[in-house]
1. Out of segment 22-32, which residues are open to solvent by 100 Å² or more (accessible area, probe 1.4 Å) and either closer than 12 Å to VAL133 by Cα or among the acidic types (Asp, Glu) (or both)?
2. Which one of these is touching a residue at least 60 places away in the same chain (Cβ under 8 Å), within 15 Å of ligand 2 (Cβ to nearest atom) and of a type outside the set (Gly, Ala, Ser): LEU16, LEU88?
3. Residues to consider are THR49, THR113; find the one that is away from ligand 1 (no atom under 15 Å from the Cβ), open to solvent by less than 50 Å² (accessible area, probe 1.4 Å) and either within 13 Å of the chain's Cα centre (by Cα) or farther than 15 Å from ARG27 by Cβ (or both).
4. Quick one: in segment 67-103, which of the residues that are more than 24 Å from THR28 (Cα to Cα) and among the small types (Gly, Ala, Ser) is surrounded by the fewest Cβ atoms within 10 Å (Cβ to Cβ)?
5. Can you name every residue in segment 84-119 that is touching a helix residue (DSSP H, G or I) at 6+ places or on another chain (Cβ under 6 Å) and among the β-branched types (Val, Ile, Thr)?
6. Given the criteria at pLDDT 95 or above and buried (at least 20 other Cβ atoms within 10 Å of the Cβ), does LEU62 qualify?
Amino acid sequence: MPPPRLVVGAVLVDRLDRPARVLAARRTRPPELAGRWELPGGQVEAGETPEDALHRELAEELGVTVRLGAELVSGHGPTWPLTPGLVLRAWWCELVEGVPVAGEAHDAVCWSTAADVADLAWLEPDRPLVERVVAALAAG
Ligand code: 9L3
Ligand code: MG
């Protein structure tokens, strides 16, 4: 079996030191994922580091520049399962420049608090990450 392909995602928060809000983005595609909310990001391309890919995806998808913080690591390590053959790695990050706006990949973005994040229809594989994020937001 080939190694799983890597997707990177952003836990984009209002501030890294005491986060109160996280950015959720609603996908436009493919049809089976359209309308679901996600931590924005995408596939790492050949020759890119995961961190470079995350910066590129956030610039392309949301028009922002970010500073990366710590990686969001699960009890099993840094990767979170997506589908067979696809895994996700995610980093906390905060804005350096720009205001996130939905481009082609999304039709809405939303800064969510711990209280309202659970009301969003998240992609299933993002839910374990979101649970961890909510705990951090609530602790703030
Ligand atoms: N995916 C799941 N959760 C996420 C992201 C950024 C991506 N937080 C899944 C959706 C697609 C695949 O990874 O099946 C590749 O993502 P994209 O390049 O279409 O954004
Ligand atoms: Mg994407």
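The values are calculated or read from the model by the stated rules, or taken from the named source; none is laboratory data. Predicted, not measured: the structure shown is a model, and the values here were computed from it. For neighbour counting, all protein chains shown are included, and Cβ atoms are generated from backbone atoms with ideal geometry for every residue, glycine included. Keep in mind that these areas ignore ligands, DNA and RNA; they rest on the heavy atoms of the full protein, side chains included. Shrake-Rupley method; radii C 1.70, N 1.55, O 1.52, S 1.80 Å.
1. Taking segment 22-32 and keeping what is open to solvent by 100 Å² or more (accessible area, probe 1.4 Å), we get 29, 31-32.
Answer for segment 22-32, where residues must be open to solvent by 100 Å² or more (accessible area, probe 1.4 Å) and either closer than 12 Å to VAL133 by Cα or among the acidic types (Asp, Glu) (or both): just GLU32.
2. On the way: LEU16 fails: within 15 Å of ligand 2 (Cβ to nearest atom).
That would be LEU88, the only listed residue that is touching a residue at least 60 places away in the same chain (Cβ under 8 Å), within 15 Å of ligand 2 (Cβ to nearest atom) and of a type outside the set (Gly, Ala, Ser).
3. Numbers: THR49 fails: open to solvent by less than 50 Å² (accessible area, probe 1.4 Å).
Selected residue: THR113, the only one of THR49, THR113 that is away from ligand 1 (no atom under 15 Å from the Cβ), open to solvent by less than 50 Å² (accessible area, probe 1.4 Å) and either within 13 Å of the chain's Cα centre (by Cα) or farther than 15 Å from ARG27 by Cβ (or both).
4. The extreme case among them is GLY75.
5. Scanning segment 84-119 gives a single hit, VAL117.
6. Values: at pLDDT 95 or above: yes; buried (at least 20 other Cβ atoms within 10 Å of the Cβ): yes.
Judged against the criteria, LEU62 is a match.
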